[in-house]
Amino acid sequence: MIFKTATLGCKVNQYETQWLRAAFVANGWLDADENANDEEDVQLVLVNTCSVTAESDAKSRKLIARFAKEYPNAEIVVIGCYAASDPQRVKRLPHVVDVVPDKRKLPKFLRERGLEIIPTGVDRFAERARAYVKVQDGCRVGCAYCIIPQTRPYLHSRPIADVLEEAKRLAQAGYREIVLTGIHLGHYGLDFYPPLDEEGAVPSDASVSLETYLARQARVPEERRVELASLLEALTDLNLPNLRFRLGSLEAVEVHDRLVELARERDEQICPHFHLSMQSGDDDVLRAMKRRWLSEPYIERCRSICERVPNAALTTDVIVGFPGETDKQFERTCEVVQTLHFSKTHVFRFSARPGSVAAAMPNQIAPELKKERAAQLIQIANAEREKFARRLVGSRARVVVEDVLDNPSGKLARGANGQYYDVETAIARDRDISEGDLLDVAITGTRGDVLLAELLDAHKSRNDALRFA
């Protein structure tokens with residue numbers, strides 16, 4: 001029995017595909033991607049789709065149609081956010097025999113397919129150097145430009161014990177970096193305190209407000225509260241050798257003091273990198289977006305993190321050309337990007353996602369203006385990224401090797417440091433270096449936004465004059 005998987009979209013989708021792959025392999029199936037000679041005999045194709053934009057929907061349909069032609073004898077099963085947002089249309093696509101719109105029902109789907117072994121996690125990942133671990137699912141924020149609360153409305157956090165066991169397996173398999181990810185990572189633990197209805201029962205309606213969850217959590221004494229910091233503390237308490245953790249996307253005001261202190265105190269286990277979605281630097285635009293926090297608390301939290309975590313790298317997402325955005329409001333966003341010195345700003349032109357509140361808003365921005373604003377902000381963002389890179393010269397870093405290349409003078413190891421910058425390190429040709437290794441290096445210069453480094457001798461201690469970045 002041979003199967004094939006394909007993934008579109010976020011890190012959570014990538015993790016879920018790896019979990020599905022683990023399930024089929026554990027039950028004796030062969031992965032076509034690892035058995036190339038058997039690709040023509042593929043019997044099942046699993047497509048994990050994305051629906052964050054209308055373009056994502058189109059890519060999902062195109063991928064399914066392609067597989068229907070490439071594997072005419074295979075059944076196609078579609079999961080993911082596009083399967084949730086438009087299941088009826090997905091069912092009509094060629095060779096689609098099953099649609100699983102709710103990820104919570106994947107174990108049931110596997111059992112119906114005759115799989116008896118249902119894994120609790122993964123022990124390998126497609127990327128050798130780092131693995132993603134999904135710890136949370138669901139979002140209730142309801143931003144105007146997004147339909148994810150419609151496709152993943154339920155909140156679900158994995159028990160800490162399950163995540164710890166998965167981290168141990170991945171460390172045993174040789175992974176040196178684990179990225180904690182979720183649909184809304186900052187909501188980790190909220191479902192441990194479910195809201196109750198008048199009769200004291202947990203309501204089944206997925207429309208229960210986020211504020212209701214937050215209010216119930218707030219009534220739990222802080223020392224007994226389980227949240228993202230609790231999980232991260234438990235993971236670092238394992239003291240797994242040569243393993244570091246990186247946090248996925250967060251809202252700035254969800255980076256509580258306890259989390260910041262952990263990052264400061266356990267800097268060799270927790271990457272000093274915080275991806276804090278901003279979307280706009282203008283309060284009126286943020287209100288129109290139905291964002292829960294305005295610019296001032298965002299800016300204050302970013303500054304607080306940088307003051308307390310040495311060399312913390314802040315990255316963010318920004319949407320330009322949201323309906324009604326004026327030149328002045330866009331300029332305010334540019335000012336905030338320059339003020340906070342983000343090490344990376346992901347710039348997106350607003351896309352009117354059908355089904356979202358923003359798609360029906362008046363004063364849609366012309367495509368040409370959105371393109372112009374995006375280009376302007378990208379130029380500012382790139383300058384800030386290179387400026388931050390220069391700050392790291394003279395520091396030392398621990399790099400997870402992602403690629404090893406031959407060059408005329410020896411080898412060149414490429415990988416990422418804690419701040420998620422690409423680092424290039426010259427290595428002697430006779431040195432045994434491979435993907436997934438950890439290197440201690442000294443940052444000696446930059447080439448644009450790439451850090452250039454020299455390998456530190458094994459006998460050098462962390463008390464050397466070089467700063468540890």
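The values are calculated or read from the model by the stated rules, or taken from the named source; none is laboratory data. Only a predicted model underlies this, so the values are computations on that prediction, with no experimental measurement involved. All Cβ positions, even for glycine, are placed from backbone atoms using ideal geometry, and neighbour counts span all protein chains on display. Note: accessible area is taken over every heavy atom of the protein model, side chains too, but ligands, DNA and RNA are not part of it. Shrake-Rupley method; radii C 1.70, N 1.55, O 1.52, S 1.80 Å.
In terms of its C-alpha gyration tensor, region 68-197 has an oblate overall shape, because the principal axis ratio a/c (a ≥ b ≥ c, square roots of the eigenvalues) is not below 1.5 and a/b does not outweigh b/c.
Peptides 373-380, 347-354, 415-422 ordered by packing proxy, namely the average of other Cβ atoms within 10 Å per residue, highest first: 415-422, 347-354, 373-380.
Net charge of the neighbourhood of residue 243, taken over other residues with C-beta under 9 Å away and scored Lys/Arg +1, Asp/Glu -1, is +1. Using a 1.4 Å probe on the protein chains only, how many percent of the accessible area of region 186-274 belongs to carbon and sulfur? Accessible surface attributable to carbon and sulfur in region 186-274 totals 46 percent. Only DSSP H runs of four or more residues enter the estimate; each adds -39500 (n - 2.57), and after division by the residues of the chain the mean residue ellipticity at 222 nm equals -10000 deg cm²/dmol. Number of Lys-Lys pairs in region 330-460 with C-alpha atoms under 22 Å apart and a separation of 8 or more places or on different chains: 4. Compute the FRET efficiency between residue 97 and residue 124 as 1/(1 + (r/R0)^6), taking r as their Cβ-Cβ distance and R0 = 35 Å, and round to the nearest 0.05. It comes out at approximately 0.80. Sorted largest first, the principal axis extents computed over the alpha-carbon atoms of region 329-448 equal 64, 30, 24 Å.
The relative contact order of the chain, computed from alpha carbon pairs under 8 Å that lie at least 6 residues apart in sequence, is 11 percent.
Just the protein heavy atoms count here, and of the accessible area of region 20-176 at 1.4 Å, carbon and sulfur take up 47 percent. The residues of region 276-418 present an accessible area of 45 Å² per residue when probed at 1.4 Å with all protein chains retained. Working ranking of peptides 291-299, 183-191 by packing, defined as the average number of other Cβ atoms within 10 Å per residue, highest first, is 183-191, 291-299.
Among the listed options (1) 27, 59, 14, 0; (2) 22, 55, 23, 0; (3) 23, 60, 18, 0, the one matching P(r) over Cα pairs in 20 Å bins from 0, in percent as calculated from these coordinates is (2). Packing here is the average count of other Cβ atoms within 10 Å per residue, and on that basis the peptides 224-234, 68-78, highest first, run 224-234, 68-78. Can you tally the net charge around residue 109? Count Lys and Arg as +1, Asp and Glu as -1, for every other residue whose Cβ sits under 11 Å from the Cβ of residue 109. Once positives and negatives cancel, what remains is +3. Full extension of the segment from residue 294 to residue 215, taken as 0.36 nm per residue of separation minus the current Cα-Cα distance, would add 26.4 nm. Near residue 95, within a Cβ-to-Cβ distance under 13 Å, what is the net charge of the other residues, with Lys and Arg +1 and Asp and Glu -1? Residues near residue 95 contribute +3 overall. Sequence-ordered 3J(HN,Hα) estimates for region 182-190 from the Karplus curve with 6.51, -1.76 and 1.60 and θ = phi - 60° stand at x, 5, 9, 4, x, 8, 4, x, 4 Hz, glycine and proline given as x. For the pair residue 406 and residue 25, a Förster radius of 30 Å applied to the C-beta separation gives a FRET efficiency near 0.35, rounded to the nearest 0.05.
Work out the FRET efficiency for residue 366 and residue 284 from their Cβ-Cβ distance, taking R0 = 22 Å, and round it to the nearest 0.05. Here the calculated transfer efficiency is 0.65.
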